[in-house]
Amino acid sequence: MHISVTWHDKQFNLDLASAEGKEAFLSIKGCRLVESSKGEFISFPSRKNEQTGKYWNHVWANAAFQAKVIEIAKVSQPVVLARPAVSHPVDEEIPF
């Protein structure tokens, strides 16, 4: 099985295919990497129950699969460079 991750800002799509180069047989869109007090995990798409306020995942994955996806996601995660602070010289002689 081949696992591929495609990043879109802070979320990623997860595609599973029988082999590299083959068409994906399963796509999970809108996944996120989350750091918690219990460690890192994948936040899969979910829906909030309006009555109870509890979130219900649309997808479940065991710990071994999540660990493999986290490994692939971290390697393929784009590097976000911080914008340098722009400083403008103060001009004391502004004509207006």
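Descriptive notes on the structure:
- Among the residues of the stretch 1-24, the one identified as farther than 17 Å from TRP60 by Cα and of a type in the set (Phe, Trp, Tyr) is TRP7.
- Scanning the stretch 55-68 for residues that are touching a strand residue (DSSP E or B) at 6+ places or on another chain (Cβ under 7 Å) and not in a loop (DSSP other than H, G, I, E, B) yields TYR55, TRP56, ASN57, GLN66, LYS68.
None of the figures in this text is laboratory data; all of them are computed from the coordinates on show. Since the model is a prediction, treat every value here as computed from it, not as a measurement. Backbone-built Cβ (ideal geometry, glycine too); neighbour counts: all protein chains shown.
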